[in-house]
Amino acid sequence: MEHVADLKDRRARGRALRQVVPRRAHDAIGNVRRDPVPLLETSSAGRVERLVPLRYGRMIQSPFAFFRGSAIVQAHDLAGTPTSGMTIQICGDCHLANFGGFATPERALLFDLNDFDETSPGPWEWDLKRLTASMVVAARHLRHDKTAADNMVFELVNSYRDRMALYAEMGVLETWYDRITFDRLLAEAASPDVQKQIRRAMERAAARTHETLLPKLSARAGHRWRILDAPPALFHVTGRQTLFSEDDDWLKTGIAADVIARCFGDYASTLAADRQELLSHFTVQDIAFKVVGVGSVGTRCLIQLLVDSHDKPLFLQFKEATKSVVARYFKSPAVTHEGRRVVEGQRLMQAASDLFLGWTKGPFGRHFYARQLRDMKFSADIELMDTALLTGYGRVCGRALARAHAKAGGLAPEISGYLGASDRMAEAMIGYANSYADQVDRDYEAFVAACRAGRIEARTDADMAADFQV
């Protein structure tokens, strides 16, 4: 009985916070009296200089692409919004395209958050607000009408609310063990069309393995495998097709093989002993720079090809980790290693994490985290979703976010108490998401104008690839 009473008290504490910050107050969009361009330039500082125009070139494709690449802008704005006061580990860049499928070490296919570059302690509402705003921005981009977009937000938020209420009743271990498997989604899907889409996603994921990637990204050169240059997306740092400038420290000073080996050894030491043993059966073949995503373009990202004694491949990705946009605008504990921040945040929030997830420092002190490249990982193709599919996808994203927050924060009863059982939070989020999508449209127009005026440079992948064509 004492446990039940404690649970009621925890729910009551969350409910009491509505007196401080009513749920309707969450429709405010915050600090938007600013120019988005300097914020984007701040987040571009320290990146590979010749790749920054490619980042902007990817962002200029649509308001949704702009939104994906401008997490710093929304974090700045969210700092001016009210919060309930409950701080947990959050994703920090929680939009529709940062969810997807991946395999557990046991090869079960899960649906979950899959990008944690910006993870940090922060208000749980920030993740929910970024996710709902991304839903309206995406819905507008796909020409869905306002009624449909509002319903998508309504369904997403209430999915989060209802799932959080379930986690509030669960024990800690039960919450940590809970997973959203694709088999579970398939069994729960009522529509034959949704079942078809889930099966197709499972097939696509199963085909995305290291062995299928090997002939696409590399070729044998004598007794070793060599990664193939395909600039601007993939190139060797010191090769003739590099996009590094001559004064970059990685080129100016040069990086000796023993330094790379030391960085790799430091990374391996962050893995569990059994994973270290597994990794020891592979030998390094080659390493190259790979451009990834939208918001990450220009940060240092390397892929490393290794093979075992049977010539079977393993691709690792080493991605630079810089200060989280959340930590820029929300007071957080000091971070000594940004790569470790990403890894530990990911382990806290995901139901299961990559077998080779770890961290290290680069040759000149930059922070990196590492994971497998692509292995059974995929993202949903939002561009092809009709109203029903996008609505259903939003519900699953809301459910996955609730699981991540409940697991990482341990505050499911308090958050559930704050949300309650009504539609108040969903109604506030509909207001917020529409108002913020309007702001995204204004920011996108300002960004496009800055590119056209030459204030910042934007180049497409095709433009930059043409530089290397003979």
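The values are calculated or read from the model by the stated rules, or taken from the named source; none is laboratory data. Values in this document were obtained by computation on a predicted structure and should not be read as measured data. With ideal geometry, Cβ positions are generated from the backbone for all residues, glycine too; neighbour counts draw on all protein chains shown.
Values as computed for the structure displayed
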| quantity | calculated |
| --- | --- |
| Pick from the range 393-403, criterion surrounded by fewer than 24 Cβ atoms within 10 Å (Cβ to Cβ) and of a type outside the set (Lys, Arg), ranking: nearest to Ser120 (Cα to Cα) | Val396 |
| Qualifying residue in the range 79-92 (condition: within 20 Å of the chain's Cα centre (by Cα), in a strand (DSSP E or B) and among the polar types (S, T, N, Q)) | yes |
| Which listed residue is over 19 Å from Gly298 (Cα atoms) and of a type in the set (A, V, I, L, M, F, W, C), from Ala446, Ala458, Ala465 | Ala446 |
| Failed condition for Gly57, given (1) surrounded by 20 or more Cβ atoms within 10 Å (Cβ to Cβ); (2) farther than 23 Å from Asp438 by Cα | (2) |
| Matching residues in the range 383-442 - criterion: being without any contact (Cβ under 8 Å) to a residue 24 or more places away in the chain and either under 21 Å from Met86 (Cβ atoms) or among the hydroxyl-bearing types (Ser, Thr, Tyr) (or both) | Ser422 |
| Near pairs, Cβ below 6 angstrom, 6+ apart or cross-chain, from the range 43-65 (outside the structural domain of Glu320 (by TED's automatic domain parsing)) to any residue that is modelled with pLDDT of 95 or more and of a type in the set (Asp, Glu) | Pro53/Glu457; Pro63/Asp441 |
| Helices (runs of 4 or more DSSP H) wholly inside the range 152-223 containing at least 3 residues that are within 29 Å of Tyr418 (Cα to Cα) and at pLDDT 90 or above | 172-177, 182-188 |
| Those residues of the range 443-470 which are without any contact (Cβ under 8 Å) to a residue 12 or more places away in the chain and of a type in the set (Val, Ile, Thr), in sequence order | Val470 |
| Residues of the range 111-146 that turn out to be assigned to a strand (DSSP E or B) and farther than 17 Å from Gly345 by Cβ, as a count | 1 |
| Given (1) in contact with a Gly (Cβ under 6 Å, 6 or more places away or on another chain); (2) in the same structural domain as Gly392 (by TED's automatic domain parsing); (3) not acidic (Asp, Glu), index of the condition Arg199 fails | (1) |
